[in-house]
Amino acid sequence: MSENCNCNCGNNDNVNPNRESLDFVRQIVADDCASGKWGGRVATRFPPEPNGYLHIGHAKSIVLNSGIAQEFAGSFNLRFDDTNPVKEEDEYVQSIMADVRWLGGDWQDRLFFASDYFQQMYDWAVELIRKGKAYVDDLTPEEIRQYRGTLTEPGRPSPYRDRSVEENLDLFERMKKGEFANGARVLRAKIDMASNNLNLRDPIMYRILHATHHRTGDKWCIYPMYDWAHGLEDSIEKITHSICTLEFENHRPLYDWFLDQLDGVFHPQQIEFARLNLTYTVMSKRKLLQLVTEKHVNGWDDPRMPTVSGMRRRGYSPECIRSFCKKVGVAKFNSTVDVALLEHCVRAELNKTSSRYMAVLDPVKVVITNYPEGQSEYLDAVNNPEDASAGNRKVPFGREIYIEREDFMEDAPKKFFRLTPGREVRLRYAYFITCQEVIKDATGNIVEIRCTYDPATRGGDSPDGRKVKSTIHWVSVADNVKAEVRMYDHLFAKPDPEDVPEGQTFLNSINPESLKVINNAVLEPELGKLPAGTRVQFERLGYFCVDPDSTPARKVFNLTINLRDTWAKEQVK
RNA sequence: UGGGGAAUAGUGUAACGGUAGCACUAAUGACUCUGACUCAUUCAGUCUAGGUUCGAAUCCUAGUUCCCCAGCCA
C-alpha cells in the first residue's frame, strides 16, 4: 500500500510513480505530508525584519515559501519580525509588502506582526521564570561578553544566575514598567554556560530599549530577542515548516529548547537552506544600505541594485525573477550563482512578452538620394514575432533616416555584414538600400551617409529574390521622438566584489561604467506614447523599459538587458 | 588547537547502492526581414586516500578545503 497525499505535491504514487526530483526542503514537506506529521497541513511564512528593502536573495525565500504553500495546498503568511524598534521603520514595511505582492507572494488575509504578539511573549517569559528557566541578569554588556567565554573555553555563570523566582518576577516586571535604563538588565534563559554552542550559554531573551516602536509606539520598553521571539511567532501562527537560511542552523537547538519549555505550544520544524549569492553584486543589507547612503547609487530602487525595487525599475518582470529562483534550486551548499543565469531568465521572458520597436541610440544620418524630396509613408511592422496577438503597427519612413553609427563601417572587415560603401542591406520593414557615398566633416567624422534605395523592395522583400546579408534598424528624421536612455552594466567590475587587495573594500570594485546616459537617442513615434513601466525590445539592441522619471515632454528609458550579440563577441577576438 | 554545516563540469543543480543527467556559460554549425529567437553539435564533473560491495557520487574510516557561531542585530 502506498502512502499518498491529497495535495498536488507530486507524491501521489498512483499518479506519479517516478516521483519527480524535489529539492531537499520540498522532500521534507512531501514526506511530512505523506506521513501525516502535521495532519497533512502545510504552513509557511516569510518573516522579514522591516529594516531595509528586499533583494533578490529575499525573492528566493519568498518564491520558496509561497511556492511550497501553493504546491502543497497550504498557506503562506507574511510576518514582519519587528522586534527591534531602533532599526525598523514603516517605510520598509510598505516597500516590503509591495515587493512581496509584486513577486506574486499571496498572503491573503494573513499579514502579521511580531509586535502583535508582545504580550503573549511576555506572559510566556513569565512562565519560564516561574519554572526557574529564566533569570534577570544585572551584568553589563561587557561583563556578559566576558562571562560567555570563547569558542574554545566554556563560559562562567553570572553571579545573578541563581536569583529566586520571586526576585526575578519582580525585576522583570519592573523592567517592563520602565524602571531601568537601557542596558541595565536583561532577562536570560538558564540553559548551559558550558555548552559548545554559544547560543545556548544563557541567551538573552529580553533587553531594555526605551525606543519608539513603529507600531506599538511607547507601550513597551523591553523587546524580545530573535531567538526567543521567532519560534514563538511561528508557533502562534501554527507554521509547520519554518524555513530560514544556513546561519540559523546553530540556533535551531535554541529554537527547539524554548518551545520545549513551554506547556502545550505548537512546535514547528526549522529547516535551513543556503542563501543566494550572485556574481558581480553584493547582497548584504548593510552593504546595500551603504551604497544608498553614500550615494554610490541613486537610491534603493536604482536599476543597478539587486533589490526587488531596483530590478522592477530596471524592467525585470516578476515572472523572470520567479523562473530564476526556480532554476537556482534550493540546497545547503553555499554557492554563488552566475548573474548570467539571471540575465538569461530575463531575456527568455522578455523575448516572449515584449513588443518590438526601433530606436537608434547613436544616430548617424542617412539620405536616400533617389527617394522623392518631401515624400513620406508609413510601413507595416510586426510588434512581436513570438506573439501574433501583439499585432502590427505603422512606422513612418522618409528620405532621411537615422541608423546606428556602428551599423556602418567605411573599411569593413570580412565578417562585417552591415552597411559599407557599395553594399546593399535591408532597412527593417522598409527597403533595400545601397551605400553610395560617405560625407565627413573637417575632422574626419562621418556626418552623413548617402544611399540609394530600390522602390521594388518596399516592406523589405525583393521581388527578384535577391538576398542581403543584414537587416538594420532605423528611425525617420522627420518623424521621431527624442529620449534619454540609461545604459546599465553590472554595478561591480569583478565577479566577486569582495575580492580586493588589503586595505580596500567592496566599494573599490564598483564599476565606473555601470551607468552611461545617452541624451540624444531617437525613437520611432509609438515609443513616445508608452506609460512608465512598459517593457519593450529595441530591435537588435536589447530590452528597455520606460522609467518613472519620464515626463510628457521627454521619455527616459532604462536598459533592462542587451540582446545577445555574437558580432560584439566576434569583434573582441 | 570547541561546536555546527557543506563539498558533483567554469557556474548552479539532479541522481536516495545499479548507464553521472539537466540548466546556464563557452565553442561550432544550421536557420533568420533582429548577427536576436529557435534548432543541432561539442568541450567539460563526483575534494583526497583507503575500505565494504558483484557494483559506491551515494555506505564506512581517515584526511583536505570552504562556510557559520564569542550582538543587549535578525
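The values are calculated or read from the model by the stated rules, or taken from the named source; none is laboratory data. Worth saying up front: this structure is predicted, and the values here are computed from it rather than measured. Methodologically, a virtual Cβ is constructed for each residue, glycine included, from the backbone with ideal geometry; neighbour enumeration extends over all protein chains shown. Just the protein is used for accessible areas: all its heavy atoms, side chains included, with ligands, DNA and RNA removed. Shrake-Rupley method; radii C 1.70, N 1.55, O 1.52, S 1.80 Å.
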For region A:126-155, what are the residues that are closer than 13 Å to A:M205 by Cβ and touching a Ser or Thr at 6+ places or on another chain (Cβ under 6 Å)? A:D137
The lone exception for A:L262 - which of (1) within 15 Å of RNA strand B (Cβ to nearest atom); (2) out of contact with any strand residue (DSSP E or B) (no Cβ under 7 Å at 6 or more places or on another chain); (3) closer than 26 Å to A:I28 by Cβ; (4) open to solvent by less than 30 Å² (accessible area, probe 1.4 Å) it fails: (1)
Please indicate, with yes or no, whether at least one residue in region A:390-406 is within 14 Å of RNA strand B (Cβ to nearest atom), farther than 17 Å from A:Y429 by Cα and open to solvent by 20 Å² or more (accessible area, probe 1.4 Å). yes
Condition met for A:M193 (near RNA strand B (Cβ under 9 Å from one of its atoms) and in contact (Cβ under 8 Å) with a residue 24 or more places away in the chain): no
Could you tell me whether any residue of region A:383-390 is out of contact with any helix residue (DSSP H, G or I) (no Cβ under 6 Å at 6 or more places or on another chain), modelled with pLDDT of 95 or more and assigned to a strand (DSSP E or B)? no
Taking the conditions exactly as written (touching a residue at least 12 places away in the same chain (Cβ under 8 Å), farther than 30 Å from A:R41 by Cβ and surrounded by 15 or more Cβ atoms within 10 Å (Cβ to Cβ)), does A:Y206 satisfy them or not? yes
Where residues in region A:297-321 are more than 10 Å from the chain's Cα centre (by Cα) and outside any loop (DSSP other than H, G, I, E, B), which of them is surrounded by the fewest Cβ atoms within 10 Å (Cβ to Cβ)? A:E319
Taking the conditions exactly as written (within 11 Å of RNA strand B (Cβ to nearest atom), touching a Phe, Trp or Tyr at 6+ places or on another chain (Cβ under 9 Å), assigned to a strand (DSSP E or B) and not aliphatic (A, V, I, L, M)), does A:R426 satisfy them or not? yes
Failed condition for A:F266, given (1) touching a residue at least 60 places away in the same chain (Cβ under 8 Å); (2) closer than 26 Å to A:Y117 by Cα, with all others met? (1)
Among the listed residues A:R450, A:R458, identify the single one that is within 16 Å of RNA strand B (Cβ to nearest atom) and out of contact with any His (no Cβ under 6 Å at 6 or more places or on another chain). A:R458
Matching option when the condition is open to solvent by 40 Å² or more (accessible area, probe 1.4 Å) and at positive phi, among A:K219, A:K238: A:K238
Region A:268-296, subset of a type in the set (A, V, I, L, M) and surrounded by fewer than 20 Cβ atoms within 10 Å (Cβ to Cβ), residue nearest to RNA strand B (Cβ to nearest atom): A:A274
Flagged in region A:125-175 as among the acidic types (D, E) and either part of a loop (DSSP other than H, G, I, E, B) or within 14 Å of RNA strand B (Cβ to nearest atom) (or both), in numbering order, are A:D137, A:D138, A:E142, A:E143, A:E153, A:D162
What number of residues in region A:352-381 are without any contact (Cβ under 8 Å) to a residue 40 or more places away in the chain, within 16 Å of RNA strand B (Cβ to nearest atom) and of a type outside the set (D, E)? 2
Of all residues in region A:516-566, which are open to solvent by 40 Å² or more (accessible area, probe 1.4 Å), within 16 Å of RNA strand B (Cβ to nearest atom) and farther than 27 Å from A:I321 by Cα? A:E526
Report whether or not A:Q108 is free of Cβ contacts under 8 Å to residues at least 24 places away in the same chain and polar (S, T, N, Q). no
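To keep it simple, each residue is scored yes or no on (1) in contact with a strand residue (DSSP E or B) (Cβ under 6 Å, 6 or more places away or on another chain); (2) crowded, with 22+ Cβ neighbours inside 10 Å; (3) assigned to a helix (DSSP H, G or I).
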| residue | (1), (2), (3) |
| --- | --- |
| A:Q27 | no, no, yes |
| A:C33 | no, yes, yes |
| A:K37 | no, no, no |
| A:R45 | yes, yes, no |
| A:G52 | no, yes, no |
| A:H58 | no, yes, yes |
| A:V63 | no, yes, yes |
| A:A69 | yes, yes, yes |
Out of the residues in region A:73-89 meeting the condition of being more than 16 Å from RNA strand B (Cβ to nearest atom) and in contact (Cβ under 8 Å) with a residue 40 or more places away in the chain, tell me which one is surrounded by the most Cβ atoms within 10 Å (Cβ to Cβ). A:G74
Just wondering, is there one or more residues in region A:99-106 that are within 15 Å of RNA strand B (Cβ to nearest atom), touching a helix residue (DSSP H, G or I) at 6+ places or on another chain (Cβ under 7 Å) and either outside any strand (DSSP E or B) or within 25 Å of A:R79 (Cβ to Cβ) (or both)? no
For region A:213-234, which residues satisfy the criterion of being assigned to a helix (DSSP H, G or I) and either away from RNA strand B (no atom under 11 Å from the Cβ) or polar (S, T, N, Q) (or both)? A:G231, A:L232, A:D234
